[in-house]
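The values are calculated or read from the model by the stated rules, or taken from the named source; none is laboratory data. Bear in mind that the values here come from a model prediction, so they are computed numbers and not experimental data. Counting neighbours? That spans all protein chains shown, and the Cβs are built from the backbone with ideal geometry, glycine included. Please note that ligands, DNA and RNA were not included when accessible areas were found on the heavy atoms of the full protein model with its side chains. Shrake-Rupley method; radii C 1.70, N 1.55, O 1.52, S 1.80 Å.
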Amino acid sequence: DSSPDGKGGERHMLSLVPRARLGRLLRVMLDENEFLSPYGVRSVSRHHAERPFEIHLPGLASNGRAHRVDYEPGESRTGLFGGNSNWRGPVWFPVNFLLIESLQRFHHYLGDGFRVEFPTGSGERRDLWQTAGELSRRLTRLFLKDAEGRRPAHGALNAYAARPGWSDDVLFHEYFHGDDGRGLGASHQTGWTALVAKLIQQSGT
């Protein structure tokens, strides 16, 4: 696809998601009853908490059982993938970071005129650069102190809020609970959770 670049030329974009489909996709992604959490975008829609996806496969391997995917916002409830890794509900930083960068690139091409509701159903419309900024703020909120000095990422770990000398220490968890933001998995995942530094840098705060 191509569009005027404002300088007498054309700007081109190669994407698997055309303009019309992008609006429909974001309507679901930015819905707080689906993928959008207070702390980023969930890996599976919250819709599946009450409406799990089920499939029945014939044959001996299934032994007549239904296979299902439901919403698991925290640690995995099964031993699949080692038991503690879960891509069925929590917020993962690498996916969110790529979503933010994609929204910024779409804005570079589509401009200020392409606007979406954020969150869906709120009546508040933003362009894609502003939408990326709002997602960034939700992710950085994981590490910011509340009025009691607690950070959502630390969950119920009181030491980081109450113990002298610890209040400025931050754990970089592997992934985060899809509803309350508490850190899960490895607590030293600086390989991708440290991407929050880039989000803070580009926000100018």
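Of all residue pairs spaced 6 or more apart or on separate chains, those with beta-carbon atoms under 8 Å, a first member in the stretch 147-165 that is more than 20 Å from Phe176 (Cα to Cα) and in contact (Cβ under 8 Å) with a residue 12 or more places away in the chain and a second member that is among the aliphatic types (A, V, I, L, M) and surrounded by 15 or more Cβ atoms within 10 Å (Cβ to Cβ) are Glu148/Ala161.
Given the residues Glu174, Glu117, which is the only one that is acidic (Asp, Glu), over 28 Å from Pro18 (Cα atoms) and in contact with a Leu (Cβ under 8 Å, 6 or more places away or on another chain)?
One residue alone meets the criteria, Glu174.
One residue alone among Asp5, Asp1 is over 28 Å from Trp92 (Cβ atoms), open to solvent by less than 70 Å² (accessible area, probe 1.4 Å), of a type in the set (Asp, Glu) and modelled with pLDDT under 75, and that residue is Asp5. Give just the number: which of (1) closer than 19 Å to Met29 by Cβ; (2) touching a residue at least 12 places away in the same chain (Cβ under 8 Å); (3) surrounded by fewer than 20 Cβ atoms within 10 Å (Cβ to Cβ) does Arg126 not satisfy? Status for Arg126: all satisfied but (2). In summary, helices (runs of 4 or more DSSP H) completely within the stretch 87-205 and bearing 3 or more residues that are more than 30 Å from Met13 (Cα to Cα) and hydrophobic (A, V, I, L, M, F, W, C) occur at 159-162.
I need the full set of residues from the stretch 8-27 which are part of a helix (DSSP H, G or I) and more than 13 Å from the chain's Cα centre (by Cα), in order please.
Residues satisfying the conditions are Arg19, Ala20, Arg21, Leu22, Gly23, Arg24, Leu25, Arg27.
In a residue-by-residue description of the stretch 176-185, the property of being of a type in the set (Gly, Ala, Ser), buried (at least 18 other Cβ atoms within 10 Å of the Cβ), on the phi > 0 side of the Ramachandran plot and out of contact with any Ser or Thr (no Cβ under 9 Å at 6 or more places or on another chain) applies to no position. Counting the residues of the stretch 25-42 that are within 18 Å of Gly74 (Cβ to Cβ) and open to solvent by less than 20 Å² (accessible area, probe 1.4 Å) gives 5.
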